[in-house]
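Chemist: One structure coming up, written as structure tokens, with questions to follow.
The values are calculated or read from the model by the stated rules, or taken from the named source; none is laboratory data. Just so we're clear, the structure is a prediction, and the values are computed from it rather than from any experiment. Cβ atoms come from the backbone with ideal geometry, glycine included; neighbour counts cover every protein chain shown.
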């Protein structure tokens, strides 16, 4: 599995997601990716660049000539690679206002979620997401992955009712709950492989019926400290805690 702990020495090198296979040789990038590389990351001709496609591989490259909306790159050797995570961590967040969810989404990616799903609960706000909004969320996940050094880009799903998500899920469930156990107390119960879902209720909390449903599914309860956290804060803190418990690194 990949993680960002080894990137301190190269954190200043621009890092760009490029869909599709990569290998040594010339590569032309265009459009938003080219603009982000030059205008946001400020890569100039001759600068080193790191490229990844979300398949667990990262490549060294060098920026070359650029025009108004294209940049020529030369891809060199493989810089880093890793296997997919043995434990796929899903973070289910009770639907929030869009601005707050998008702020949380970036941090949830950095905290280590492999899949992010807004869930519609009894006390949630409206849960619709247009195609354009979902595409924006996926761009946020890509850019957060670029920034934090991830080799795999998390999947962001459209909102779905909590009951439907539970029906389709096969794995271990953990619900953020103030009266729950500490992360260290839950450590022996964490899976070694498969899927692990963190459920964080909306601002109004989970309803009694939803709590009962989760209990019947054998959901573990995770406490996230002595204070009441907002939904987005709980999602970030809970994701980081569970990722720490399930993190194993494979690859070089």
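Chemist: Check residue 129 against each of (1) within 29 Å of residue 58 (Cα to Cα); (2) out of contact with any helix residue (DSSP H, G or I) (no Cβ under 7 Å at 6 or more places or on another chain); (3) without any contact (Cβ under 8 Å) to a residue 60 or more places away in the chain; (4) in a loop (DSSP other than H, G, I, E, B) and name the one condition it does not meet.
Modeler: Checking residue 129 against (1) within 29 Å of residue 58 (Cα to Cα); (2) out of contact with any helix residue (DSSP H, G or I) (no Cβ under 7 Å at 6 or more places or on another chain); (3) without any contact (Cβ under 8 Å) to a residue 60 or more places away in the chain; (4) in a loop (DSSP other than H, G, I, E, B), the one that fails is (1).
Chemist: Among the candidates 176, 165, 240, single out the residue that is out of contact with any strand residue (DSSP E or B) (no Cβ under 9 Å at 6 or more places or on another chain), touching a residue at least 60 places away in the same chain (Cβ under 8 Å) and surrounded by 14 or more Cβ atoms within 10 Å (Cβ to Cβ).
Modeler: Among 176, 165, 240, only 240 is out of contact with any strand residue (DSSP E or B) (no Cβ under 9 Å at 6 or more places or on another chain), touching a residue at least 60 places away in the same chain (Cβ under 8 Å) and surrounded by 14 or more Cβ atoms within 10 Å (Cβ to Cβ).
Chemist: Something else about it: Do any strands (runs of 3 or more DSSP E) lying entirely in segment 40-110 carry at least 3 residues that are out of contact with any strand residue (DSSP E or B) (no Cβ under 7 Å at 6 or more places or on another chain) and either touching a residue at least 12 places away in the same chain (Cβ under 8 Å) or surrounded by 15 or more Cβ atoms within 10 Å (Cβ to Cβ) (or both), and which ones are they?
Modeler: Qualifying strands (runs of 3 or more DSSP E): none found.
Chemist: Take the conditions assigned to a loop (DSSP other than H, G, I, E, B), surrounded by fewer than 18 Cβ atoms within 10 Å (Cβ to Cβ) and modelled with pLDDT of 95 or more and apply them to residue 138. Does it pass?
Modeler: Taking the combined requirement at face value, the residue does not satisfy it.
Chemist: Continuing with this model, one more query. Assigned to a loop (DSSP other than H, G, I, E, B) and farther than 26 Å from residue 110 by Cβ, is that true of residue 164?
Modeler: Taking the combined requirement at face value, the residue does not satisfy it.
Chemist: While we're here: Quickly run through segment 125-135 and pick out the residues that are at pLDDT below 90 and either closer than 29 Å to residue 207 by Cβ or surrounded by 15 or more Cβ atoms within 10 Å (Cβ to Cβ) (or both).
Modeler: Correct list: 125, 126, 127, 128, 129, 130.
Chemist: Is at least one residue of segment 111-122 part of a helix (DSSP H, G or I) and surrounded by 15 or more Cβ atoms within 10 Å (Cβ to Cβ)?
Modeler: yes
Chemist: Do you know which residues across segment 122-153 are closer than 30 Å to residue 81 by Cβ and touching a strand residue (DSSP E or B) at 6+ places or on another chain (Cβ under 6 Å)?
Modeler: Once the filter is applied, which keeps residues that are closer than 30 Å to residue 81 by Cβ and touching a strand residue (DSSP E or B) at 6+ places or on another chain (Cβ under 6 Å), segment 122-153 yields 137, 138, 141, 142, 146, 151.
Residue by residue, here is whether (1) more than 17 Å from the chain's Cα centre (by Cα); (2) without any contact (Cβ under 8 Å) to a residue 12 or more places away in the chain; (3) surrounded by fewer than 16 Cβ atoms within 10 Å (Cβ to Cβ) holds:
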{"position": "147", "(1), (2), (3)": "no, no, yes"}
{"position": "172", "(1), (2), (3)": "yes, no, no"}
{"position": "199", "(1), (2), (3)": "no, no, no"}
{"position": "223", "(1), (2), (3)": "yes, no, no"}
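Chemist: Strands (runs of 3 or more DSSP E) wholly in segment 168-231 with at least 2 residues that are under 20 Å from residue 125 (Cβ atoms) - which ones?
Modeler: Here the list reads 172-181, 194-200.
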